[in-house]
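Data first, discussion second: the structure below is written as structure tokens.
The values are calculated or read from the model by the stated rules, or taken from the named source; none is laboratory data. Given the structure is predicted, the values throughout are model-derived calculations rather than measurements. Positions of Cβ are generated from backbone atoms using ideal geometry, with glycine treated the same way; all protein chains shown enter the neighbour counts. Side chains are part of the model used for accessible areas, which takes the heavy atoms of the whole protein and leaves out ligands, DNA and RNA. Shrake-Rupley method; radii C 1.70, N 1.55, O 1.52, S 1.80 Å.
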Amino acid sequence: MDLFLNNKKILLNFPVDGFIFRFSSLRNEQAELLLKEKIPFVACARRKDMPDIDQTDCDHAFGYSLMLDELMKQGHRKIAFCEFGRIAEYQRYLKDIYALFKQKLGDDFNSDYFYVRETGLELWEKYGEAYWDIYPRRAVEHFLTLDKMPTALIAPAPLYRKF
């Protein structure tokens, strides 16, 4: 990203037929550049604000709904969520997940169980690879300060393995 920020046209230097932007990596400026230059690309995170580009994504609401249903079936009501923050262009993912937790858990929903802070990039710039250990540790420290600890946690595998 630093290279792109220093040279907005750096993507034009690669002898490729197109690009695939994994996860939430496609930025508006990159999409605008590639569209202008007629270079094909695929975004692997749905962008409702860019209906004319090729996109693929998973159904986050369905997946998280299944996880919540299973945990609730097992008797959990104090369900926590831990994930890295997102840049503005991808905030809607977290907002949608937050809304789903709130809707599914109803009166049992606790916003303190929803741990979303810095982005992975912000942490990596500050701590290097250690951010994978630091962020989950911070989440646990946060949960330990609560009057009632969560009884279940939903987090992406690279973070969950650190808990």
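What about LEU121, is it within 19 Å of the chain's Cα centre (by Cα), buried (at least 16 other Cβ atoms within 10 Å of the Cβ), at negative phi and of a type outside the set (Gly, Ala, Ser)? When the stated conditions are applied, LEU121 does not pass them. Of all residues in region 83-127, those that are among the hydrophobic types (A, V, I, L, M, F, W, C) and either within 26 Å of ASN28 (Cα to Cα) or in contact with a Pro (Cβ under 6 Å, 6 or more places away or on another chain) (or both) total 10.
Within region 96-127, the set of residues being basic (Lys, Arg), part of a helix (DSSP H, G or I) and over 15 Å from ASP69 (Cα atoms) comprises LYS126 only. The numbered conditions (1) of a type outside the set (Asp, Glu); (2) out of contact with any Lys or Arg (no Cβ under 6 Å at 6 or more places or on another chain); (3) at pLDDT 85 or above; (4) assigned to a helix (DSSP H, G or I) are all true for LEU68 except (2). Just so you know, in region 150-163 the residues that are surrounded by fewer than 15 Cβ atoms within 10 Å (Cβ to Cβ) and of a type outside the set (Gly, Ala, Ser) include one that is farthest from TYR90 (Cα to Cα), and it is THR151. The residues of region 3-20 that are of a type in the set (Phe, Trp, Tyr) and either over 14 Å from LEU35 (Cβ atoms) or in a helix (DSSP H, G or I) (or both), listed by number, are PHE4, PHE14. Of the numbered criteria (1) loosely packed, with under 13 Cβ neighbours inside 10 Å; (2) modelled with pLDDT under 90; (3) not basic (Lys, Arg), the one ASP147 fails is (2).
Screening region 86-95 for residues that are modelled with pLDDT under 90, charged (D, E, K, R) and part of a helix (DSSP H, G or I) and picking the one that is farthest from TYR113 (Cα to Cα) gives GLU89.
Please determine whether any residue of region 128-138 is touching a residue at least 12 places away in the same chain (Cβ under 8 Å), in a helix (DSSP H, G or I), within 20 Å of MET149 (Cβ to Cβ) and of a type in the set (Ser, Thr, Tyr). Yes, region 128-138 has at least one match. Annotation: ALA130 fulfils all but one of (1) closer than 24 Å to SER25 by Cα; (2) small (Gly, Ala, Ser); (3) in contact with a strand residue (DSSP E or B) (Cβ under 7 Å, 6 or more places away or on another chain); the unmet one is (3). Just a yes or no: is a residue in region 44-54 at pLDDT 75 or above and either open to solvent by less than 30 Å² (accessible area, probe 1.4 Å) or farther than 22 Å from GLY120 by Cα (or both)? No.
Against the condition within 19 Å of the chain's Cα centre (by Cα), more than 21 Å from ARG27 (Cα to Cα) and basic (Lys, Arg), how does LYS148 come out, does it pass? Judged against the criteria, LYS148 is not a match.
All conditions but one from (1) open to solvent by less than 70 Å² (accessible area, probe 1.4 Å); (2) charged (D, E, K, R); (3) touching a helix residue (DSSP H, G or I) at 6+ places or on another chain (Cβ under 7 Å) apply to ASP96; the one that does not is (1).
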